[in-house]
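The values are calculated or read from the model by the stated rules, or taken from the named source; none is laboratory data. Predicted model only: the values in this text are computed from it and were never measured. Here the Cβ is made from the backbone with ideal geometry for all residues, glycine too, and neighbour counts use every protein chain on show.
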Amino acid sequence: MLHAISLTVVMFVVWLLLSGYFEPLLIIFGVLSCLAVVAIAGRMDVVDREGHPIHLGWRILLYWPWLTWQVILANLDVVRRVLDPRLPISPCVVRLKPSQKSDLGRVIFANSITLTPGTVSIDVTRDHILVHALSTAAAEELEGGDMDRRVARVEGDAGT
């Protein structure tokens, strides 16, 4: 029920921001439309913890700035490797063992890897994530496990 209420509120806020209408009748129609969509989605059984992960709460908000910084650093590394012929481009494939408990946690981890330039998640299963890295340094950084630990912290008790 909490997910349905939260989804309704988020949908209404997005509708309000995108429509720009603040007249009472149109706001009422917007609320009714959002309620109808959530009711239909609930009836279809598609309103769940993974589709609308409010249970991650503030932990995901703390993770995003760190991930943004990692994306910036990885961008700089890729640019240096492309422009400086002395820096090696040594593509490799590594197999990582994710410590996340839920499918959502593993998806966040795999997508975080792919968002970081120079690395791409190419296969995700319950037991491993196969990653193509532009350099052995990028692969070693992933194998160090910092991103894995941070995503596991984001997941928190959500996987249980």
Pro65 is checked against (1) surrounded by 11 or more Cβ atoms within 10 Å (Cβ to Cβ); (2) modelled with pLDDT of 90 or more; (3) in the same structural domain as Arg153 (by TED's automatic domain parsing) and fails just one. What number does that condition carry? (1)
The residue that is farthest from the chain's Cα centre (by Cα), considering only those in the range 123-157 that are surrounded by fewer than 19 Cβ atoms within 10 Å (Cβ to Cβ) and farther than 24 Å from Ser90 by Cβ, is Asp127
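Within the range 46-55, is even one residue modelled with pLDDT of 95 or more and either crowded, with 19+ Cβ neighbours inside 10 Å or closer than 30 Å to Ile5 by Cβ (or both)?
Applying the first criterion (modelled with pLDDT of 95 or more) to the range 46-55 yields none.
Among the residues of the range 46-55, not one is modelled with pLDDT of 95 or more and either crowded, with 19+ Cβ neighbours inside 10 Å or closer than 30 Å to Ile5 by Cβ (or both), which makes the answer no.
Just one of Val82, Val78 is touching a Leu at 6+ places or on another chain (Cβ under 8 Å), in the same structural domain as Asp127 (by TED's automatic domain parsing) and either farther than 16 Å from Ser112 by Cα or part of a loop (DSSP other than H, G, I, E, B) (or both); which is it?
Details: Val82 fails: touching a Leu at 6+ places or on another chain (Cβ under 8 Å).
Criteria check complete, one pass: Val78.
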Just wondering, is there one or more residues in the range 29-40 that are without any contact (Cβ under 8 Å) to a residue 24 or more places away in the chain, not in a helix (DSSP H, G or I), not polar (S, T, N, Q) and not assigned by TED's automatic domain parsing to the domain that holds Pro117? no
Looking for something within 30 Å of Thr8 (Cα to Cα), among the polar types (S, T, N, Q) and surrounded by 12 or more Cβ atoms within 10 Å (Cβ to Cβ) - is there at least one such residue anywhere in the range 106-122? yes
